[in-house]
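The values are calculated or read from the model by the stated rules, or taken from the named source; none is laboratory data. What you see is a predicted model, and the numbers here were worked out from it, not measured in a lab. With ideal geometry, Cβ positions are generated from the backbone for all residues, glycine too; neighbour counts draw on all protein chains shown.
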Amino acid sequence: MNNPSTPVTDITTSIQDGVVAAVKSLYDHDTAAAQVNISTTRKEYEGDFSVVVFPYTRVAKKKPEAIANDIGNYLVAHLPELTSFNVIKGFLNLVLDKSFWNKFLLNVAMQEDFGKGAAKNSTVMVEFSSPNTNKPLHLGHVRNILLGWACTQILEKAGYKVIKSQIVNDRGIAVCKTMLAWQKFANGATPASTNTKGDKFVGSYYVRFAKEIAAEYAAWQDTAVGQKVFAELGKEGQSAADFFKSYKDKYFNDYSVLGKEAKALLLQWEANDPAVVALWKKMNNWVYEGFEVTYNALGVSFDKLYYESNTYLLGKDMIQKGLDQDVFQQEGKRVFIDLEDKKLGVKTVLKSDGTSTYTSQDIGTARLRYEDFGMDKVVYVVGDEQNNHFQVLFEILKQLGEPYAAGLHHLSYGMVDLPTGRMKSREGTVVDADDLIAEVIEEARKGTEERGDVGAFSEEEQTAIIQQIGKAALKYFIVKVNPKKRMVFDPKESVDMQGNTGPYIQNAYVRSKAVLHKVGQADIALAAQYLDIKPVEQEILITLHSYPGLIQNAAEQYDPSIIASFAYDLAKLYHKFYHDHQIMRAESPEAKAFRLAVSQTTAQVLKSSMQLLGIEMPKRM
């Protein structure tokens, strides 16, 4: 299908500019276009867009209804796209000429990159995933990864240059615990010898260490030393069980044999002991191989990887700079910053033994990234349990005068639960990412078999379709929730073909493509003559028209759920349109051409919006 058409400007922008001009002309008052509140007219009233005029009562010294009539008359006189207006309780409802929508539709149908924002002279780095090398990626990582990836795609579509990065937490006591467990209990086993994915293999030894030290601790509690510690330090009336529950960290540091060995490994690693470093590299490589499999399954990649083993000593030069500038204070070797006036307390950036903290590492890593890429903004995709850490970090970087400090954002997200409850990685009860992906794909397979949707396809086609449906179910269910909200992921609910799900939206896409496939090549020029636009057709057009603005909004708020909501609304409208109106047997050639154009544009924009969420559209379902 093809038909050249004249480009159509964003009508909401034209209306906002028109209101600015009207307020200036009528009331000699300057206002900004961004402050003009415009929305879609409610269904029960006539109109396409509505303008809120209440903000102008002070300058106009009139009632809202009178102001709405003044501005309405001005806009109709100056904007050729408007035919009339009406006023309801101070809201100005604007009616567009039907020909505007025909031109808009044909223009959109011709644009493969509809919604793409103008190039911005701004670089954004998005840090996401950032796993630990002592355990596999799990459900919590999945939300992090999908939010991070969707943000990178939305930002790129909005016109930013985007750098996808992660920092891998590949060092520290947790890694050494895992290494020690492998040394003690693996008997030389490897991922290859056990036919186990590398990150799962290594993660099993993290769990093994936790079990072994729990057994060691339980036995120690009954020893003379353990009982003496309880007698001397236990509070009056406190049970032994409650005391030892709170004492386990102290036990690890002061009494544990396994703890002593793990800490010795960490010291050897920091001293660059060849044997320890060789084991560390070997086990980390097993993990990286496993991570890559999961990333490929989720369809994500990174432009730049940073490793904590290379960055954990960074930041000390910047801390010295901060001491020179009186940003930090020092007591002995301990360096700290007093942020009580910001209600952030006192934060240590170098410990009393002079060693780094996570804050000092992040200060140094932020500077390193800026030296590497000169970015204007950095988005840290990290769970909401780290809210305070990032508030402190951003304030420190601001006080240090870092050039990118004003562009720092913590994309804080809530945890993900399952219907069965919370997860605990140390106890090995975490739902790992690979198992979750497999489970959702299996739910998709069962659903398609029950419906008989793919029986006519080859086995290879069936597998590909079910994979696309399953991954869409997982990704959409995760990103449709506002990041700030905690959520429950239900694999069965995610594949529901009738709910607010990825497969439901995919089905609308496949349905619209099937219509186009049936008609083959067709000239949609006649669509320009179709003026009897039905309510659901107009709703689709208004929804399509909102797409570019929603992309910018989602980019500004770092919120992929805005795009997910848009895709669902558009899919729902198309299903209703398909049900309510004939397409192939439309009442006129003009109506048929128009509805084919609606189908083509809807398919194109559904595909585009879902791609922003990392979701592929199947050719058939």
| Among (1) out of contact with any helix residue (DSSP H, G or I) (no Cβ under 7 Å at 6 or more places or on another chain); (2) part of a loop (DSSP other than H, G, I, E, B), the one test that Glu292 misses | (2)
| Candidate set from segment 472-499 (those that are under 14 Å from Tyr568 (Cα atoms) and of a type in the set (S, T, N, Q)); member that is farthest from the chain's Cα centre (by Cα) | Gln498
| task | Taking the options Pro548, Pro560, name whichever one is in contact with a Cys (Cβ under 7 Å, 6 or more places away or on another chain), on the phi < 0 side of the Ramachandran plot and buried (at least 18 other Cβ atoms within 10 Å of the Cβ). | result | Pro560
| Given (1) surrounded by 24 or more Cβ atoms within 10 Å (Cβ to Cβ); (2) within 23 Å of Lys263 (Cα to Cα); (3) polar (S, T, N, Q), where does Asn169 come up short, assuming only one miss? | (1)
| said: Here are the criteria: (1) out of contact with any helix residue (DSSP H, G or I) (no Cβ under 9 Å at 6 or more places or on another chain); (2) part of a helix (DSSP H, G or I). Tell me which single one Tyr504 does not satisfy. | reply: (1)
| message | Consider segment 347-405. How many of its residues are without any contact (Cβ under 8 Å) to a residue 60 or more places away in the chain and either surrounded by 17 or more Cβ atoms within 10 Å (Cβ to Cβ) or not in a loop (DSSP other than H, G, I, E, B) (or both)? | response | 33
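Among the residues of segment 22-57, write down those that are of a type in the set (A, V, I, L, M, F, W, C), loosely packed, with under 15 Cβ neighbours inside 10 Å and more than 32 Å from the chain's Cα centre (by Cα). Explain how you work it out, then say what you get.
Within segment 22-57, the subset of a type in the set (A, V, I, L, M, F, W, C) is 22-23, 26, 32-34, 36, 38, 49, 51-54.
In the following step, the residues that additionally are loosely packed, with under 15 Cβ neighbours inside 10 Å were identified as 32, 34, 54.
Correct list: Phe54 only.
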| note | Scanning segment 172-204 for residues that are basic (Lys, Arg) and touching a residue at least 40 places away in the same chain (Cβ under 8 Å), the one surrounded by the most Cβ atoms within 10 Å (Cβ to Cβ) turns out to be Lys177
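Would you mention how many residues in segment 81-137 are assigned to a loop (DSSP other than H, G, I, E, B) and not small (Gly, Ala, Ser)?
Residues of segment 81-137 assigned to a loop (DSSP other than H, G, I, E, B): 81, 89-90, 97, 110-122, 128-131, 133-137.
Filter once more, keeping what is not small (Gly, Ala, Ser): 81, 89, 97, 110-114, 116, 120-121, 128, 131, 133-137.
Counting residues in segment 81-137 that are assigned to a loop (DSSP other than H, G, I, E, B) and not small (Gly, Ala, Ser) gives 18.
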| Single match in Ala189, Ala150 (criterion: touching a Leu at 6+ places or on another chain (Cβ under 7 Å) and at pLDDT 95 or above) | Ala150
| remark: Checked pairs for segment 84-95, first more than 8 Å from Asn69 (Cα to Cα) and without any contact (Cβ under 8 Å) to a residue 24 or more places away in the chain, second of a type outside the set (Phe, Trp, Tyr) and assigned to a strand (DSSP E or B), C-beta under 6 Å and 6 or more apart or across chains, list as Ser84/Val95
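Restricting to segment 201-234, name every residue that is of a type in the set (Gly, Ala, Ser) and in a helix (DSSP H, G or I).
If we filter segment 201-234 for residues that are of a type in the set (Gly, Ala, Ser), which is where we start, we get 203-204, 210, 214-215, 218-219, 224, 226, 231, 234.
If the condition is that a residue be of a type in the set (Gly, Ala, Ser) and in a helix (DSSP H, G or I), then Gly203, Ser204, Ala210, Ala214, Ala215, Ala218, Ala219, Ala224, Gly226, Ala231 are the ones that fit.
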| field | Criterion violated by Leu339 - all others in (1) within 11 Å of Ile396 (Cβ to Cβ); (2) crowded, with 18+ Cβ neighbours inside 10 Å; (3) touching a strand residue (DSSP E or B) at 6+ places or on another chain (Cβ under 8 Å) satisfied | value | (2)
| query | Pick from Lys471, Lys480: which is at pLDDT 95 or above, touching a Ser or Thr at 6+ places or on another chain (Cβ under 7 Å) and closer than 30 Å to Ser412 by Cβ? | reply | Lys480
| request: Output the number of the condition that Lys62 fails; it satisfies all remaining conditions of (1) farther than 30 Å from Gln600 by Cβ; (2) exposed (fewer than 15 other Cβ atoms within 10 Å of the Cβ); (3) basic (Lys, Arg). | output: (2)
| Within segment 19-38, can one find any residue that is at pLDDT below 95 and charged (D, E, K, R)? | no
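Considering only segment 237-280, state which residues are assigned to a helix (DSSP H, G or I), without any contact (Cβ under 8 Å) to a residue 24 or more places away in the chain and closer than 16 Å to Leu180 by Cβ.
Of all residues in segment 237-280, those assigned to a helix (DSSP H, G or I) come to 240-246, 248-254, 257-270, 274-280.
Now drop any that are not without any contact (Cβ under 8 Å) to a residue 24 or more places away in the chain, which leaves 240-243, 245-246, 249-250, 253-254, 260, 264, 267-268, 270, 274-275, 277-278.
Selection gives Asn253, Lys260, Ala264, Leu267, Gln268, Glu270, Ala275, Val277, Ala278.
Would you pick out the residues in segment 540-588 that are in a loop (DSSP other than H, G, I, E, B), among the aliphatic types (A, V, I, L, M) and in contact (Cβ under 8 Å) with a residue 12 or more places away in the chain? Show your work before the answer.
First, pick out the residues of segment 540-588 that are in a loop (DSSP other than H, G, I, E, B): 546, 558-560, 581-588.
Imposing the further condition that a residue be among the aliphatic types (A, V, I, L, M) reduces the set to 583-584, 586.
If the condition is that a residue be in a loop (DSSP other than H, G, I, E, B), among the aliphatic types (A, V, I, L, M) and in contact (Cβ under 8 Å) with a residue 12 or more places away in the chain, then Ile583, Met584 are the ones that fit.
Which one of these is farther than 30 Å from Asp362 by Cα, at pLDDT below 90 and buried (at least 20 other Cβ atoms within 10 Å of the Cβ): Val454, Val440? Break it down stepwise before answering.
Values: Val440 fails: at pLDDT below 90.
After ruling out the rest, the residue left standing is Val454.
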| task | Just one of (1) among the β-branched types (Val, Ile, Thr); (2) assigned to a helix (DSSP H, G or I); (3) within 25 Å of Asn387 (Cβ to Cβ) trips up Val287, so point out which. | result | (3)
| request: Could you grab the pairs with beta carbons closer than 7 Å, sequence gap of 6+ or different chains, first residue in segment 210-228 and of a type in the set (Ser, Thr, Tyr), second one assigned to a helix (DSSP H, G or I)? | output: Tyr217/Lys248; Tyr217/Tyr251
| note | Subset of segment 474-491, residues within 18 Å of Asp432 (Cβ to Cβ) and in a helix (DSSP H, G or I), comes to Leu474, Lys475, Phe477, Ile478, Pro491
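Quick check on my filter: what residues within segment 303-339 are in a strand (DSSP E or B) and not β-branched (Val, Ile, Thr)? Quick ask: steps written out before the conclusion?
Our first condition is that a residue be in a strand (DSSP E or B); within segment 303-339, this holds for 304-307, 329-331, 334-338.
Listed by number, the residues that qualify are Lys304, Leu305, Tyr306, Tyr307, Gln329, Gln330, Glu331, Arg334, Phe336, Asp338.
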